[in-house]
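Below is one structure, written out as structure tokens; the observations come after it.
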Amino acid sequence: MTVSTESWVIQQRQIFRFRRHFMRDILFDKLVRTVFWDVKIEGLENIPPEGPAILMINHVTAADPVAVLGATRPRFVVPMSKIENFWNPFSSILVRSWGAYPVRRGTVDREALRIAEKLLEAGELTLIAPEGTRHPALGRPRHGLTYIAVRTNAIVVPTAIYNLETWLKDLVIPWRRTEVHVHYGRPFRLKKGGRKRIPRAELHRMTDEMMYQLAALLPERNRGEYADLSRATTDYLEFVNL
């Protein structure tokens, strides 16, 4: 980033709205959904109409965030995207045009965490994949999303994407559109008892409880580490009625 975090947050709200309308309402709706994907969307009513919120997604393919950015209505999502996408000539055009912000994987990227916090303080809707990298089924997550949700008191919306694994294969003869599912689950906040610092053991439990909410929206083949839904608890989740 060539500007401060605070300046960038302000600029992206002013500059990127037109670009996002074009990319979502024209490129995604008229091209991607017409030619490549048959997108099935469930649970849009679970997206808060305003205020700070986080879409917590599973991450199987590189196209997952595209499906969520295109499906989410009426609000726009400001996504966290791996920094390598800002270096690739093709993906760089997309992430920079939309106004995504970079994250360095494999380390605690404090700059990315600060940007996420600033966006949420400004009342934005952001997207974070808690696993950090792609997995065919849910793996053990990092705790960055939990940390941000605790600090900002943002609403978390578990958001499942599935069936995208085959979309490139579906482009060969006979050509067919891939049936892609985007499912927004029941929103919640984390219970923190008025505390700003949460012991690590409790952060682990919070994270696991959130991951089970996400797993419940996925087919069994994609649940991975969280396949046994009977182990799900909600001690640290406060569900929100919108």
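Yes or no: ILE41 touching a helix residue (DSSP H, G or I) at 6+ places or on another chain (Cβ under 6 Å), more than 24 Å from LYS82 (Cβ to Cβ) and either at pLDDT 90 or above or aromatic (Phe, Trp, Tyr) (or both)? Here the answer is yes, as ILE41 does meet what is asked. Scan region 187-196 for residues that are touching a residue at least 60 places away in the same chain (Cβ under 8 Å) and aromatic (Phe, Trp, Tyr) and the total you get is 0. Consider region 179-216 and keep the residues that are assigned to a loop (DSSP other than H, G, I, E, B) and under 14 Å from the mean Cα position of the chain (by Cα). The one that is farthest from LYS169 (Cα to Cα) is PRO187.
The set of residues from region 71-97 being of a type in the set (Phe, Trp, Tyr) and part of a helix (DSSP H, G or I) comprises PHE86, PHE90.
From the list TYR184, TYR236, the lone residue that is in contact (Cβ under 8 Å) with a residue 24 or more places away in the chain, over 28 Å from LEU69 (Cβ atoms), of a type in the set (Ser, Thr, Tyr) and out of contact with any Phe, Trp or Tyr (no Cβ under 8 Å at 6 or more places or on another chain) is TYR236. Note on region 148-163: among residues that are touching a helix residue (DSSP H, G or I) at 6+ places or on another chain (Cβ under 7 Å) and at pLDDT below 95, the one that is nearest to ALA216 (Cα to Cα) is ILE148. Beta carbons closer than 8 Å, at least 6 apart along the sequence or on distinct chains, pair a first residue in region 204-225 that is more than 12 Å from PRO136 (Cα to Cα) with a second that is of a type in the set (D, E, K, R) for ARG205/ASP235; GLU209/ASP235; MET211/GLU225; TYR212/ARG231; GLN213/ARG186; ALA215/ARG223. Which ones in region 230-239 are part of a helix (DSSP H, G or I) and closer than 20 Å to ARG142 by Cα? Once the filter is applied, which keeps residues that are part of a helix (DSSP H, G or I) and closer than 20 Å to ARG142 by Cα, region 230-239 yields only ARG231. Residue count for region 42-70 under the criterion of being hydrophobic (A, V, I, L, M, F, W, C), surrounded by 16 or more Cβ atoms within 10 Å (Cβ to Cβ) and either in contact with a Lys or Arg (Cβ under 9 Å, 6 or more places away or on another chain) or outside any helix (DSSP H, G or I) (or both): the result is 9. Within region 32-56, residues that are within 15 Å of LEU217 (Cβ to Cβ) reach partners that are part of a helix (DSSP H, G or I) and modelled with pLDDT under 95 with beta carbons closer than 7 Å, at six or more positions or on different chains, in the pairs MET56/LEU145.
To keep it simple, each residue is scored yes or no on (1) buried (at least 18 other Cβ atoms within 10 Å of the Cβ); (2) out of contact with any His (no Cβ under 8 Å at 6 or more places or on another chain); (3) more than 22 Å from HIS59 (Cα to Cα).
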{"position": "HIS135", "(1), (2), (3)": "no, no, no"}
{"position": "ALA149", "(1), (2), (3)": "yes, yes, no"}
{"position": "MET211", "(1), (2), (3)": "yes, yes, no"}
{"position": "ASN241", "(1), (2), (3)": "no, yes, yes"}
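The values are calculated or read from the model by the stated rules, or taken from the named source; none is laboratory data. It should be emphasised that the depicted structure is a prediction, and the values quoted were computed from it without experimental measurement. Here Cβ is always computed from backbone atoms with ideal geometry, including for glycine, and neighbour counts include all displayed protein chains.
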